[in-house]
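See structure below.
The values are calculated or read from the model by the stated rules, or taken from the named source; none is laboratory data. Nothing here was measured: the structure is a model prediction, and the numbers come from that model. Positions of Cβ are backbone-derived with ideal geometry, glycine not excepted, and every protein chain shown enters the neighbour counts.
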Amino acid sequence: MEDYLKSAETAEAVTETAEGFSEDCASETTVDAANAETELTPEEENERRCEEALKSEHFCLTYKLRFRDLAKFNLRFSLLGIGNILFWLVLVLSSAYLAFFWKKLGAQDRALIIVCVVLLIWLVPVRAVVNAARSAAYLQKSSTPTEYHVCDEGFVICQDEVRGLLTYDKIRRITETKSTLYAYVLKNSGFIFPRDLVGERYDELKAILKAHISGKE
């Protein structure tokens, strides 16, 4: 009899344990399903971040960059980039070396050297202008101008129904000329804010960028 009661108690305990395990599994399955439902795709996460950033929007800038804006930016990099500075240095040293032996060269050799030097001098700026022309042509094909929503977290940039968030920590440095403010995100690429296109918001934009990108100018 005692053995029967012990067996019954054991069976009851096993049953309770199995029921508890089943409940725990069901609970975990419910949680996993809920997490799967709330997990966002990259596109949805991007939209969520943009919507959150827009809640603190200060103002919106709307314009299309022109050929001259892009050309100035490309020329600025082509003339001041480290790689291009080395190119100019090599060109100057080579020219000095050729000048030293100039009198020993024949007329045809001199003509050939002059043509090569001229082509080399124009190689960098011409390439910069060509790239600017391509970029300008691409922007002109866009049906709508680019929108820059200036927010506390960064810029929400919209173009042709596509938008994304550029946070201030992604901007490496800012530089300014008499007519334009540049915000670099990479060594040779960034965003261009011409004074005449930005308009009366130019000083406010510059102040916001300087406040968030202290020490990177």
When you check I192 against the structure, is it touching a Leu at 6+ places or on another chain (Cβ under 7 Å) and not assigned by TED's automatic domain parsing to the domain that holds L75, yes or no? yes
I need the full set of residues from the stretch 179-217 which are free of Cβ contacts under 8 Å to residues at least 12 places away in the same chain, farther than 20 Å from K64 by Cβ and of a type outside the set (A, V, I, L, M, F, W, C), in order please. D203, S214, G215
Take the residues in the stretch 153-211 that are within 20 Å of N74 (Cα to Cα) and of a type in the set (D, E); name whichever of them is nearest to the chain's Cα centre (by Cα). E176
If we take the stretch 1-117, then helices (runs of 4 or more DSSP H) inside it with 2 or more residues that are over 24 Å from P145 (Cα atoms) and at pLDDT below 50 are 2-38
